[in-house]
Amino acid sequence: MPSTMQDEPLSLATLLRYASTVHADATVRTWTGTESRVLTYRELGEQAARLAHALTALGIGRGDRVGTFMWNNNEHLIAYCAVPAMGAVLHTINIRLFPEQITYVTDHAADRVVIVDASLIPVFAPVLPTLRTVRHVIVANGDAAALPAPEGVTVHEFDTLLAQYPGTFDFPVLDERSAAAMCYTSGTTGDPKGVVYSHRSNWLHSMQACTTDAMGVRAGDRMLAIVPMFHANAWGLPYAALMAGASLVMPDRFLQPEPLLALMAAEQPSFAAAVPTVWNGVLTAVDAKPQDLTHLRAVVVGGAAVPPQLMRAFEERHGVPIIQAWGMTETSPLGALAWPPAGLDGEAAFAYRITQGRIPAAVQARLVGDDGTELPRDGKAVGELEVRGPWVTASYYSPDAAGIGADAFRDGWLRTGDVGTISADGYLTLVDRAKDIIKSGGEWISSVDLENALMAHPDIAEAAVFGVPDEKWDERPVVAAALRAGVEPDAGALRAFLSDKVAKWQLPERWTFVSEVPKTSVGKFDKKVLRKQYAGDMSPPSARWIWLWHSGVRTRSPAWSTRPTCARRSPS
């Protein structure tokens, strides 16, 4: 029996029209280092219409890809709105990829136009001659003449180009299942893989983001979007803000702790989102030079496990609650948020807050064992997390239907590569990434648990743990720690600090101290780089590998003994 409901497509053009009329006075504000450039949502609608006209004049039609190579700013939001609304596909290019990866994703997506921030011309210019499909580049926030144009490519200036066209556009009625945007994974293993979001998936994801059990986005909010717009739709913040009528605050290129704190002091955002490494730096800065942060009703942190000590420090010292979230590029990205159950407070609530969160109604999740069997949701059984839902990708993009990354999918489920538990009331707790969990002596060691325990030490700014081969135990953990200013390395003392926090057999013997833990293009600890450094394929700057010798622990391995930079200590 069919329903009697109207079949109105869930289109981002509808969302743009709504935001630019109903919430016309809401704003997007981009920080310049001293003040903000302000664009109302009414003006946003007009500028999006002009960009749609301009792109049409450049030959962009339905399904054509338009790349962006930009910071979080007003112009990037204009592209976020205009490109999908006109029926083209927005491809947000990760500006922190290696040059050859930028070439790969741009060619793989077949971008015909790329919008580039002028401050990024030094990064983009060397890559431009290698791009096979790009025919036009639009330079925003600077002089287009600064970008040399190779043969066959025309360079335009953003404001000059848009000024030629009217502030209205007849946006088409689109199939809600058609492509709206695409984003590539960060390429930590192999080539980056493309995920293509639909109008429908973005719309439903935005509705989820606005619920109180997710981000609770609402009219009157000022949302500080630190998470980059080139990564997983900026966690859905732009479209959620348009839907709710919340204003957006954009940091542009000013992403270090001190500029972020200056921005927060000026704009007083009520909500913010970024990866843990950003907030770790902000905490150090605000502890050293205190300022009021209580205007932040909530900070959502994801992309990597949030150290519990970081959560406690922000709440106890600065009155800012951190809400942990889990998701992936492949999940748009919201997959879980760690709001505690109603009626709990104190340590009972905190026990839920340090999980990855409760899985929402639209996302189905299961745990699968090594033999492929589904495991119980009892908070104890540990297996690989698999998910499916209306904003979860069913495949990776391949222009020739080559089945890229097919092993990441099983029977309609996305295999996340995360290992953890799910409780009976739907809370996800991740033990580790499948590739990062350390298998030692037939038992599992969670690198995440060790990292969280280490980062509770007051002398440690950052700590990453990774596994390396060991002839006796299969694998053993290695710690790469960045210490706070003025602190002398003491691996023995740090190991002793861990001794009452993890089982004795999990205590690391191998340590290195670095100025900064290497990061991926989206701010996560890059353990691939650390493994290469340990193996001797590359040398960490100013780092010495320290091996603590302890009874009952293997004291020699071929890879270790041949390292010329190794520093050994006698038994302690």
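Annotation: ASN72 fulfils all but one of (1) in contact (Cβ under 8 Å) with a residue 60 or more places away in the chain; (2) touching a His at 6+ places or on another chain (Cβ under 6 Å); (3) not acidic (Asp, Glu); the unmet one is (2). Quick check on the stretch 292-305. Is at least one of its residues surrounded by fewer than 20 Cβ atoms within 10 Å (Cβ to Cβ), among the β-branched types (Val, Ile, Thr) and not in a helix (DSSP H, G or I)? Within the stretch 292-305, one or more residues are surrounded by fewer than 20 Cβ atoms within 10 Å (Cβ to Cβ), among the β-branched types (Val, Ile, Thr) and not in a helix (DSSP H, G or I). Any residue that is surrounded by 17 or more Cβ atoms within 10 Å (Cβ to Cβ), out of contact with any strand residue (DSSP E or B) (no Cβ under 7 Å at 6 or more places or on another chain) and of a type in the set (Gly, Ala, Ser) - is there at least one of those in the stretch 513-523? There is at least one residue in the stretch 513-523 that is surrounded by 17 or more Cβ atoms within 10 Å (Cβ to Cβ), out of contact with any strand residue (DSSP E or B) (no Cβ under 7 Å at 6 or more places or on another chain) and of a type in the set (Gly, Ala, Ser). When the criteria are applied in full, ARG177 meets the requirement of being at pLDDT 95 or above, part of a loop (DSSP other than H, G, I, E, B) and closer than 20 Å to ALA240 by Cα.
The criterion of at least 1 residues that are out of contact with any Pro (no Cβ under 8 Å at 6 or more places or on another chain) and closer than 22 Å to GLN256 by Cα is met, among strands (runs of 3 or more DSSP E) falling completely within the stretch 445-538, by 460-470, 474-483. Examine the stretch 314-330 for a residue that is of a type outside the set (Val, Ile, Thr), assigned to a strand (DSSP E or B), crowded, with 24+ Cβ neighbours inside 10 Å and touching an Asp or Glu at 6+ places or on another chain (Cβ under 9 Å), and state whether such a residue exists. Yes; the residues of the stretch 314-330 include at least one that is of a type outside the set (Val, Ile, Thr), assigned to a strand (DSSP E or B), crowded, with 24+ Cβ neighbours inside 10 Å and touching an Asp or Glu at 6+ places or on another chain (Cβ under 9 Å).
Inside the stretch 101-132, residues that are among the polar types (S, T, N, Q), without any contact (Cβ under 8 Å) to a residue 40 or more places away in the chain and closer than 18 Å to MET182 by Cβ make up a count of 2. Would you confirm, using the coordinates I've provided, whether THR40 is free of Cβ contacts under 8 Å to residues at least 24 places away in the same chain, under 29 Å from the mean Cα position of the chain (by Cα) and in the same structural domain as VAL114 (by TED's automatic domain parsing)? Criteria met by THR40. Taken together, the residues in the stretch 416-432 that are buried (at least 18 other Cβ atoms within 10 Å of the Cβ) and charged (D, E, K, R) amount to 2.
The values are calculated or read from the model by the stated rules, or taken from the named source; none is laboratory data. None of the values given here were measured: they were computed from a predicted structure. Cβ: placed from backbone, ideal geometry, glycine included. Neighbour counts: every protein chain shown.
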